[in-house]
Amino acid sequence: MKPIQRVAFIGNHLPRRCGIATFTHDLHQVVSAARPDLETCVVAMTDPGRTYDYPPTVRFQIRDEKIGDYVQAAEFLNNSRFDVACLQHEYGIFGGEAGSNIIELLSRLEMPVVTTLHTVLPQPTPVQRDVMRRIIDMSTKIVVMSEKGHEFLRSVHDVQACKIEVIPHGIPDFPFLESHHAKAKFGFAGKTIILTFGLLSPNKGIDTMLDAMPGIIKSCPNALYVILGATHPNLVRQQGEAYRDGLTARVQELGIEGHVAFFNQFVDQATLLDFISMCDVYATPYLNEAQMTSGTLAYSFGLGKAVVSTPYWHAKELLSDGRGILVPFGDSKAISREIAGLLTNDVRRHSMRKRAYAASRSMTWAQSAKSYLAVFETAREHARPGLSLPIEPIGSGSKGHGIPEIRIGHFLSLCDSTGMLQHAVHCVPDRAHGYCVDDNARALLFASSLANSGEAQLSETITARFASFIQHAWNPDTRRFRNFMSFDRRWLEEQGSEDSHGRTLWALAECARKDTDPSRRRWAAALFNTALPAVEEFSSPRAWAFSLLGLDAYCTLVGGDLGANRVRRLLADRLMSLCSATETKDWVWFEDLLAYDNARLSQALIQTGLTTHTPPYVDAGLRSLRWLMSLQTTSSGDFRPVGTKSFGRLRQKPEMFDQQPVEASAAISACLAAWRADNGAEWPAGAMRAFGWFLGDNDLQTTLIDPHTGSCSDGLHPDRPNENKGAESVLSYLLGLVEIRQFKRTAAVGRTKTLFKMAPSAVRTIPPRTTPGSLFVSNPIHESPELISAPGSGQGRRKTVQTRD
């Protein structure tokens, strides 16, 4: 295989002023220098309201709050056929909750992704954990710059060691020099220089360093503390130069005006190296240990400077073994004592300098470039599987089922120029019952899920038909969607059920978030917004749940929509009230009965809780789902959906039959949502168990799907599978298959790989887990035709398993 030819870098970039911008610029430069034949480019993140005069190497800009920009960036990178994308990740530089917008780009890329994590939090919030998990899953390799980062990836996010690479922050290959030449250049000859540089912000601890200066001056009267760096742009936008003015005032209070020099500048690398060269001691008095990487520390260390620092993570690692001095956080006396000691002991200071310089030779940018290029090559060799994902074992015991390929032959046979037909007689489309918005909404969900999965997408023509059906279903007079349409295209009602309205909202929101066509995304968002108000009057818990799943996608896309966020809270609180009023020790559910699509209620609360930072929602969702899955698991460890004969029976153990594909699909989605929420091994096992139901791990031990056509039986009777293969069933299977393939592709390399080999008994004995508490950690500033009664919901469901075999 010939070496990689094209690499794209994604992150902030100069002239934007932040550490990530400098790092992306430097990494891009050194990789290009190491491989002059390599075609490279940068996709730059641009913060709101700002414009930058980017160099030609920046070939695409992403406005961090504009979802469409992320989608278009993915199209640009895919169309340009880059071999590898290298992402620079910091929570604060991407839009959305915890920087979740970047998922919209990563999920669409067709090349392997190498992600450099500039921060790895030891106690992420649920949303941060979910976003990080998805980034890790979609990355072929993860790069961190310290062993601490490696440790947190293993212990907090359970990433396999083979996926992680530690590449230290790069440094210029600068000679070991004495300081007097640079001092003379800046007019500081005869001064003893202490330096701190970087964008100014309160977490840098400059105040503490100023308080240390009087003690230093007593021991070293010619000491000068140089503070180099512009105020952080985010801080300037929030409060102007109030922080810098406060530091200046503190200098005056301490009477050390002649011993402190501020340089309010964002300097180029050559000037920066001159500043570092002239210092005798470099100080990083940061106030928080949660600093995974410090470029300023790396540069000063790499130029062989004596460093006095507080013990944040990077400093503890880099300055061990006598390569620097650590002092407690916020302890000005300790800082004063240690810096004064170094400035008055030339032998000790020079010895420390030499140890630092010698230890830093492996950190030069040239070495970094070699390491990154090696990782890029490895990533390409182990790239995420694409459209030809091989069938791999997912079952347990002797069955050894494989994940089928996505086949859509039967799905397409149910589609015509109007949309998707509801039913089939055996595998033959049944025109007698026409169409419904329920199934066309499911079809649009399927199209959207493919657009975001790395799989082959549906054709533009077929996707447009589903969207057109939904548009035609909208009744502006009733402000509701119609549901049933005859084969001759006559609507059979003025408005459909609440559940069909909620499911259509869900499909519209996912289309608005994921569709590859910008015009259709805008259409979907507009119709969603128009149709949303009706749900406030709904009484069906499932309609609430479907709407919540749609709101999770829509609010990710349009986070500032106050009306949508208000409705999201309203519906989630209604589900919580139902749960509170109904739940007992033996009946952990939202209603006094079980009906259809049960797991969607739990899924809706879990996803809403994650994205709104509401742990009680997540807790209720996990608690109810755990109870439901216990009812839907047989003594032999197989999945058994709630039988339709159970519908309407109050607080009784579910009947075994008839079993429907829609329950398995809902269980897959809900379990994977639960896995993202609490990291419990029971959830991937539950999803796999539910998917195994399609493949034969069921009460009749018979497969329900045809892997060659993608068809799926309408369900399971007590004595046989139903031979009819209608739209709801095939879409339930295909939607579940997309999720399982995505999960397998992204998570099999991590902890879940072992789950595929677990014996059923091992899966069943996993103890219940509770949602871990969360702690916000301060980040260093870097820059979601037969009706049967569904009692308790006031709704009708359009069909159960058909009995015409």
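Here is how the numbers come out for the structure above:
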| quantity | calculated |
| --- | --- |
| In order through region 564-574: 3J(HN,Hα) via Karplus (6.51 cos²θ - 1.76 cosθ + 1.60), integer Hz, x for Gly, Pro | 5, 5, 5, 5, 4, 5, 4, 5, 5, 5, 5 |
| Mean Cα-pair separation over length for region 87-178, i.e. relative contact order, pairs under 8 Å, 6 or more apart, % | 25 percent |
| Estimated dipole of the chain in Debye, rounded to 20 [Cβ of Lys and Arg +1, of Asp and Glu -1, Cα centre] | 1220 debye |
| Partners for residue 653 among lysines (Cα-Cα distance below 23 Å; same-chain residues under 8 apart left out) | 585, 645, 799 |
| Value of Rg/Rh across region 537-624 [Cα atoms, Kirkwood radius] | 0.96 |
| Set of aspartates and glutamates near residue 354 by C-alpha distance (under 20 Å), chain-local residues within fewer than 8 positions excluded | 173, 178, 274, 280, 317, 321, 338, 346 |
| Contact order relative to length of region 582-710, as percent, for alpha carbon pairs under 8 angstrom and 6 or more apart | 24 percent |
| Carbon and sulfur %, accessible surface of the chain computed with the full protein complex present, 1.4 Å | 52 percent |
| Mean accessible surface per residue for region 631-756, computed with a 1.4 Å probe while every protein chain stays in place, in Å² | 27 Å² |
| Accessible area of region 1-157 divided out per residue, in Å², using a probe of 1.4 angstrom | 33 Å² |
| Histogram of C-alpha separations across region 138-281, 10 Å bin width, % | 10, 30, 27, 22, 10, 2 |
| P(r) weight above 22 Å for region 1-79, C-alpha pairs, percent | 25 percent |
| Descending semi-axes in whole angstrom, ellipsoid equivalent of the chain, from the Cα gyration tensor | 57, 25, 25 |
| Förster-model FRET efficiency, 25 Å R0, residue 700 and residue 651, C-beta, rounded to 0.05 | 0.35 |
| Value of Rg to Rh for region 436-503 (Rh from inverse mean 1/r over Cα pairs, i.e. Kirkwood) | 1.02 |
| Antiparallel %, DSSP beta bridges [both residues in the chain], to 5 | 30 percent |
| Sum of -39500 (n - 2.57) over DSSP H runs of 4+, divided by residues of the chain (222 nm, nearest 500) | -14000 deg cm²/dmol |
| FRET efficiency for residue 537 and residue 475, using Cβ-Cβ distance with R0 set to 25 Å, rounded to 0.05 | 0.95 |
| Filtered trypsin sites (Lys or Arg not before Pro), region 480-584: DSSP coil and at most 10 other beta carbons within 10 Å | 490 |
| Volume in Å³ per residue [convex hull over Cα atoms, computed for region 577-642] | 87 Å³ |
| Bins of 5 Å from zero: percent of alpha-carbon pairs in region 646-696 | 5, 20, 21, 19, 17, 14, 4 |
| Potential extension, residue 580-residue 151 segment - 0.36 nm per residue separation minus Cα distance | 150.4 nm |
| Inverse mean reciprocal Cα-Cα distance (Kirkwood Rh) of region 200-269, Å | 12.8 Å |
| Entries in 141/370; 191/305; 148/744 that, when Cα-Cα distance is taken, lie over 18 Å | 148/744 |
| Per residue accessible area in Å² of region 210-318, where ligands, DNA and RNA are left out and the probe is 1.4 Å | 33 Å² |
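The values are calculated or read from the model by the stated rules, or taken from the named source; none is laboratory data. Owing to the predicted nature of the structure, the values given are computational and were not obtained by experimental measurement. Quick reminder, even Gly has a Cβ in these numbers, built from the backbone with ideal geometry, and neighbours come from all protein chains shown. Heads up: the accessible areas ignore ligands, DNA and RNA and are worked out on the full protein's heavy atoms, side chains in. Shrake-Rupley method; radii C 1.70, N 1.55, O 1.52, S 1.80 Å.
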